[in-house]
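Have a look at the structure below before the remarks.
The values are calculated or read from the model by the stated rules, or taken from the named source; none is laboratory data. Everything numeric here is computed off the predicted structure, so don't read it as measured data. Using ideal geometry, Cβ is built from the backbone for each residue, glycine included, and neighbour counts are taken over all protein chains shown.
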Amino acid sequence: MAATLSLLKLPILPPQKPNHTHSKLHNFPNPIKPHLSKDSKDPQKLLNGTIHHLKSASLPLSTLTLPFFLDSKDALAVGGEFGLLEGRSFALIHPLVMSGLFFYTLWAGYLGWQWRRVRTIQNEINELKKQVKPTPVTPEGSPPAELAPSPVELEIQQLTEERKELIKGSYRDRHFNAGSILLGFGVFEAIGGGVNTWFRTGKLFPGPHLFAGAAITALWAAAAALVPSMQKGNETARNLHIALNAVNVLLFVWQIPTGIDIVFKVFEFTTWP
């Protein structure tokens with residue numbers, strides 16, 4: 001309304017000479033008449049007057065048009081506005097990265113199991129040492145010559161050599177680094193997959209793939225949160241860490257078929273690039 005009233009103040013061109021049919025209408029006062037003067041016939045002065053009145057009407061006009069610029073429906077529309085982000089190339093990044101992360105998860109699990117073996121093998125050696133019988137000695141107090149080692153002692157020697165080889169593998173540091181990389185890239189790409197779906201369709205699709213992906217991301221975070229306690233020797237935290245990652249792998253395997261279905265839909269509903 002304010003914009004309409006402001007526009008009514010704008011000067012207009014001088015009206016043509018009225019005919020007899022409308023002569024009676026000019027007996028009434030014309031609200032625009034005060035603005036018509038001799039100066040209105042001058043184009044330059046007419047332009048200056050128009051600019052002056054447009055300035056006075058700028059605020060109400062801005063208020064009137066503001067809702068059109070803030071239309072949320074247009075802001076959330078999907079259909080070419082995001083360019084390459086809606087294309088097939090960008091959509092295939094998520095399945096490719098997650099496929100690599102699946103195998104990297106298995107590799108990180110192997111490294112973790114080897115590091116656990118380094119710790120547990122020492123416990124086995126300690127238990128075997130308790131079973132070793134004292135070495136018999138002669139009446140003079142010296143051990144008999146060429147005494148063959150017992151089976152328990154042979155097993156201790158074998159486990160000791162195995163532990164030395166495992167220590168050379170630096171499995172502790174390698175497992176920690178692999179877990180850090182898995183956590184960083186996994187969380188980033190899990191969120192990226194949902195964002196890419198929104199780029200292509202304008203919404204998310206609640207279902208097994210989405211829920212399993214959210215659970216996997218949460219399990220990554222929970223397993224990583226146990227690391228400080230594990231470093232302090234908390235055996236309960238270590239066992240829980242292994243259990244969470246085992247469930248994570250199972251969810252990852254269960255999620256593969258639904259991921260393949262989504263890839264087929266990407267090829268069906270998107271184009272290159």
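Considering L250, L240, which residue is part of a helix (DSSP H, G or I) and either at pLDDT below 95 or surrounded by 15 or more Cβ atoms within 10 Å (Cβ to Cβ) (or both)?
Working: L250 fails: either at pLDDT below 95 or surrounded by 15 or more Cβ atoms within 10 Å (Cβ to Cβ) (or both).
L240 is the lone residue from the list that is part of a helix (DSSP H, G or I) and either at pLDDT below 95 or surrounded by 15 or more Cβ atoms within 10 Å (Cβ to Cβ) (or both).
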Does I242 count as without any contact (Cβ under 8 Å) to a residue 60 or more places away in the chain and not acidic (D, E)? no
Which one is farthest from E268 (Cα to Cα) among residues in the stretch 63-101 that are exposed (fewer than 15 other Cβ atoms within 10 Å of the Cβ) and modelled with pLDDT of 90 or more? G100
What are the residues in the stretch 205-237 that are assigned to a loop (DSSP other than H, G, I, E, B) and either under 11 Å from the mean Cα position of the chain (by Cα) or surrounded by fewer than 12 Cβ atoms within 10 Å (Cβ to Cβ) (or both), if any? F205, P206, G207, K232, G233
Hey, among V249, V266, which residue is in contact (Cβ under 8 Å) with a residue 40 or more places away in the chain and either more than 15 Å from F102 (Cα to Cα) or touching a His at 6+ places or on another chain (Cβ under 6 Å) (or both)? V266
